[in-house]
1. Go through the residues of segment 164-173 one by one and say whether even a single one is charged (D, E, K, R), touching a Lys or Arg at 6+ places or on another chain (Cβ under 9 Å) and either open to solvent by 70 Å² or more (accessible area, probe 1.4 Å) or free of Cβ contacts under 8 Å to residues at least 60 places away in the same chain (or both).
2. Is it fair to say residue 138 is touching a helix residue (DSSP H, G or I) at 6+ places or on another chain (Cβ under 6 Å), modelled with pLDDT under 95 and not in a loop (DSSP other than H, G, I, E, B)?
3. Filter segment 92-113 for residues that are part of a helix (DSSP H, G or I) and under 16 Å from the mean Cα position of the chain (by Cα); which is surrounded by the fewest Cβ atoms within 10 Å (Cβ to Cβ)?
4. Can you name every residue in segment 161-206 that is of a type in the set (Phe, Trp, Tyr) and modelled with pLDDT under 95?
5. So which residues in segment 89-126 are at negative phi and charged (D, E, K, R), if there are any at all?
6. Please tell me if residue 202 is open to solvent by 70 Å² or more (accessible area, probe 1.4 Å) and either out of contact with any Pro (no Cβ under 7 Å at 6 or more places or on another chain) or part of a helix (DSSP H, G or I) (or both).
7. Taking only segment 101-147 into account, find how many residues are aliphatic (A, V, I, L, M) and under 14 Å from residue 8 (Cα atoms).
8. Pick from 84, 71: which is more than 38 Å from the chain's Cα centre (by Cα), at positive phi and surrounded by fewer than 14 Cβ atoms within 10 Å (Cβ to Cβ)?
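The values are calculated or read from the model by the stated rules, or taken from the named source; none is laboratory data. The structure displayed is predicted, hence computed values, not measured ones. FYI the Cβ positions are ideal-geometry reconstructions off the backbone, even for glycines, and counts take in every protein chain you see. Calculation scope for accessible area: heavy atoms of the full protein, side chains included, ligands and nucleic acids excluded. Shrake-Rupley method; radii C 1.70, N 1.55, O 1.52, S 1.80 Å.
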Amino acid sequence: MDIKVTTLDGAEAGEISLSDEIFGLEPRGDILQRMVRWQLARRQAGTHKSKGRSEVSGTTKKMYKQKGTGGARHGAKTAPQFRGGGKAFGPVVRSHAHDLTKKFRVLALKHALSAKAKSDDLVVVSDVVLDQPKTKAVKERFAKLGLANALIIDGAEVNANFGLAARNVPHIDVLPVQGINVYDILRREKLVLTKAAVEALQERFK
């Protein structure tokens with residue numbers, strides 16, 4: 001498929017051909033959901049922890065005599081039902097990550113790119129270069145392109161001035177092409193790719 005290329009100022013800058021194997025798939029929600037779940041699971045710190053029965057301080061002496069009290073037969077104050085006792089089956093420090101094959105992750109990224117292309121939320125710009133790191137200047141350019149909520153993907157390196165200016169704009173994320181991922185693509189309304197990013201992606205999945 002062919003898509004128009006614009007400059008950061010909103011002027012036309014020709015066309016670029018996009019691979020149908022990357023940008024022309026029929027998006028599948030189940031693939032995207034599994035990928036997002038995988039990404040978010042890997043982000044979880046997993047540092048939650050509660051003390052078990054063997055970890056709390058408390059006497060293990062029998063609290064009262066076995067018979068004649070009319071109560072349950074308790075033998076330690078560290079039991080979970082007592083205040084200050086250990087928690088039964090409480091959370092422990094662990095990793096929430098689970099496996100997802102590399103082939104599936106590649107397929108999910110292609111489906112995310114195709115989803116943006118199909119919904120006309122994909123914008124290709126010639127480059128994202130600024131002479132000075134001025135947030136006001138970059139906001140004016142975003143207004144011309146109609147970008148209020150977008151993920152911008154540059155080539156191997158993001159222009160330093162553009163990166164500094166854009167990071168002050170809310171709902172705008174800027175990443176190099178190596179950092180492109182399904183979750184960030186889907187959480188923003190628009191996906192903006194530079195020509196360098198398109199070429200790098202098509203080379204990567206060739």
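1. Looking through segment 164-173, at least one residue is charged (D, E, K, R), touching a Lys or Arg at 6+ places or on another chain (Cβ under 9 Å) and either open to solvent by 70 Å² or more (accessible area, probe 1.4 Å) or free of Cβ contacts under 8 Å to residues at least 60 places away in the same chain (or both).
2. Numbers: touching a helix residue (DSSP H, G or I) at 6+ places or on another chain (Cβ under 6 Å): yes; modelled with pLDDT under 95: yes; not in a loop (DSSP other than H, G, I, E, B): yes.
Criteria met by residue 138.
3. Checked segment 92-113; the qualifying residue surrounded by the fewest Cβ atoms within 10 Å (Cβ to Cβ) is 106.
4. 162, 205
5. 94, 99, 102, 103, 105, 110, 116, 118, 121
6. For residue 202, the condition - open to solvent by 70 Å² or more (accessible area, probe 1.4 Å) and either out of contact with any Pro (no Cβ under 7 Å at 6 or more places or on another chain) or part of a helix (DSSP H, G or I) (or both) - is not met.
7. Number of matching residues: 11.
8. The match here is 84.
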